[in-house]
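Below is one structure; the comments refer to it alone.
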């Protein structure tokens, strides 16, 4: 289904009458550096909703390297939370053109639709396009994802701005990476699958960012590429291990039973390391109550957060489970680029025998964790080791 969606989006881009991008020839030749800058708002920037370590610009670089292994590609992320085309124009020189890109991708609209008129939005886009072209850069316009209906961002209003992007692209003979169409194509087939592309009402998770990057890569090159098998970024625990290397205490916030196991497990690997553990109690709480408690995590000083939601919480309403579980992860991450490590332990790691309902819970949780671009502590099939040994082995395997 993903390939069909991308083919449909690419056909729509061609219908705009845009000329083939010269940057594709540079990528194919591979004999000189190719610099791309992606400008936009929080959907472009690196924030909690995609795991705090990368977003679609970083994934676009991976996608293009898959298609052109010999190419010298660098993709710079110029996304800032809350930004609009007005703000983008003000920082275009310093944040985009100063990098001397051969290609600039522009994705705005989610904040413009609550702060800017459509006419001003289109005027700002035209000005950004003109200035990029004057600098010698090609331009690809990107529509944003479709969203859950909310008061501040009605779907009809977003659709209006989405069409404005397409209209400007047609006027300027530009390629469009129609991410909105890609998301809506998923929605038309399966609304639950579409919902699994979102971290909250308006922000895509990493699954959504992979679809963004695939759509962009196809708009740029005319070729399909899949990022679905790409796992979380490595190393898994850069902040915790950096503290250990610097002989500094490691501060850990952990749900049971890892609140009692993480200190001896780290000290087994690094004798003498100082580990300060703050327990995160969850016994007897509902998923919604755990989600409320997670809202305090960002105000706490920690280097590592271990999320271990119990297996016996019922999966009665999949949409509500998605909301609560995603926000437990979202609020456990720093708002912007990741400032501490976050890892999620699957219930079956601590409880090897699960009921059918608990297995259903875990399978859905696993999808959400992968979509959030976070690493998991898991028990290998047939592994009868004690949990302490599983955790110690996992830590040893993920040393930088």
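For the stretch 238-397, what's the relative contact order in percent, using C-alpha pairs closer than 8 Å and at least 6 residues apart?
Here the relative contact order equals 25 percent.
Where a ≥ b ≥ c are the square roots of the eigenvalues of the C-alpha gyration tensor, would you call the chain rounded, which needs a/c under 1.5, or, failing that, prolate if a/b is larger than b/c, or oblate? Walk me through the numbers on the way to the answer.
Details: a/c = 2.03, a/b = 1.72, b/c = 1.18.
Here the chain falls in the prolate category.
Please give the residues of the stretch 207-228, grouped as numeric ranges, whose backbone N is less than 17 Å from a label point set 7 Å along the Cα-to-Cβ vector of residue 65.
Counting backbone N atoms under 17 Å from the label point, the list is 210, 213-214, 217, 225-228.
How do 180-188, 40-48 rank on mean C-beta neighbours within 10 Å, highest first? Present the calculation step by step, with values, prior to reporting the outcome.
Numbers: 180-188: 20.0, 40-48: 24.2.
For the peptides 180-188, 40-48, the packing ranking is 40-48, 180-188.
For the chain, find the longest principal axis of its Cα atoms and tell me its angle to the long axis of helix 387-397, 0 to 90°, nearest 10.
40 degrees
Let a ≥ b ≥ c be the square roots of the eigenvalues of the Cα gyration tensor of the stretch 2-221; is it rounded (a/c under 1.5), or, if not, prolate (a/b larger than b/c) or oblate?
rounded
Can you say what percent of the DSSP beta bridges in the stretch 238-397, counting only those with both residues inside, are antiparallel? Round to 5.
0 percent
In the chain, what percentage of the DSSP-assigned beta bridges are antiparallel, given to the nearest 5?
5 percent
Over the chain, calculate the relative contact order: mean separation of alpha carbon pairs under 8 Å at least 6 apart, over the residue count, as a percent.
Normalised by residue count, the contact order of the chain is 18 percent.
Quick check: the angle from helix 356-371's long axis to the longest principal axis of the chain, C-alpha only, nearest 10 degrees?
50 degrees
Round to the nearest 10 and give me the degree value, 0 to 90, for the angle of helix 179-189's Cα axis relative to the longest principal axis of the chain.
60 degrees
Determine, from the Cβ-Cβ distance of residue 274 and residue 396 and an R0 of 25 Å, the FRET efficiency 1/(1 + (r/R0)^6), rounded to the nearest 0.05.
0.85
Using 0.36 nm per residue of separation minus the Cα-Cα distance, give me the extension gain between residue 312 and residue 29 in nm, one decimal.
Here the answer is 96.4 nm.
Could you give the distance between the Cα centres of the stretch 243-313 and the stretch 202-224, to the whole Å?
Distance between centres, Cα-based: 34 Å.
Working out 0.36 nm times the residue gap between residue 172 and residue 234, then minus their Cα-Cα distance, what length gain in nm do you get to one decimal?
Taking 0.36 nm per residue and subtracting the Cα distance, the gain is 18.3 nm.
What does the C-alpha gyration tensor say about the overall shape of the stretch 197-236? Classify as rounded when a/c is under 1.5, otherwise prolate if a/b is larger than b/c, or oblate.
It comes out oblate by the Cα gyration axes.
Between residue 319 and residue 348, take the C-beta separation as r, use R0 = 30 Å, and let me know the FRET efficiency to the nearest 0.05. Provide the component values of the computation, followed by the final result.
Values: r = 24 Å, r/R0 = 0.79.
It comes to 0.80.
Give, in nm to one decimal, the length gained when the segment between residue 385 and residue 267 is fully stretched (0.36 nm per residue of separation minus the Cα-Cα distance).
Gain in length upon complete extension: 40.6 nm.
Values in this text are rule-based calculations from the coordinates and carry no lab data. Since we're looking at a predicted model, the values are computed, not measured. Please note: Cβ atoms are built from the backbone with ideal geometry, for glycine as well, and neighbour counts cover all protein chains shown.
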